[in-house]
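Below you'll find the structure, written out as structure tokens, and then a few comments.
The values are calculated or read from the model by the stated rules, or taken from the named source; none is laboratory data. Treat the numbers as computed from the prediction; the structure is a model and nothing was measured. Here Cβ is always computed from backbone atoms with ideal geometry, including for glycine, and neighbour counts include all displayed protein chains.
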Amino acid sequence: IAEGKKEWQKVLWEFYNPFIEEVEKGKKNIKSQKVAIPTGEKCPQCGEELLKRKGRYGEFIACSGFPKCKYTKNIDGTEKEKKVLPTLEGVACPECGGGIVERKSRRGKFYGCANYPKCKFISTYKPVDRKCPECGYMMAKRTFRKKDIFECIKCKHREDA
């Protein structure tokens, strides 16, 4: 190609045509690595059969009815534990009355309702048991211009702490 004896497009097509045929054969003939071994047990939630699967954290048992049924358990037979987040004392969710918990995301910590996903209340700042004098909604404690203040989550009314 560099010496000008062959055209680069022709060389490329000579390689590409047999290569793409091999790729298509491979797609049809190679079996998936996602092997699911039946366990003979029934799912306690939906009644479908449970399968032994491999995930990025090792082997586990899952329902064959996935994605409708999301039941899983560890190989040793224990179900996955749900994290119990501590609630803030004396502070209730202004929307549903549930507790407020501190949560973490990739963007940092925030505060949300313990009844999520039923209740979608969230706050970037720590809510306190104090009502806004203007709208009656919950206030949050935060720092503003190097001073601690209370700010209404809804109307943004500010008071000194």
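Odds and ends about this structure:
- Of 59, 24, 7, all but one fail to be at pLDDT 85 or above, closer than 18 Å to residue 76 by Cβ and out of contact with any Cys (no Cβ under 8 Å at 6 or more places or on another chain); the exception is 59.
- Residue 114 vs. criteria in contact with an Asp or Glu (Cβ under 8 Å, 6 or more places away or on another chain) and hydrophobic (A, V, I, L, M, F, W, C): no
- Residue 155 being in contact with a strand residue (DSSP E or B) (Cβ under 7 Å, 6 or more places away or on another chain), modelled with pLDDT of 85 or more and in a loop (DSSP other than H, G, I, E, B): no
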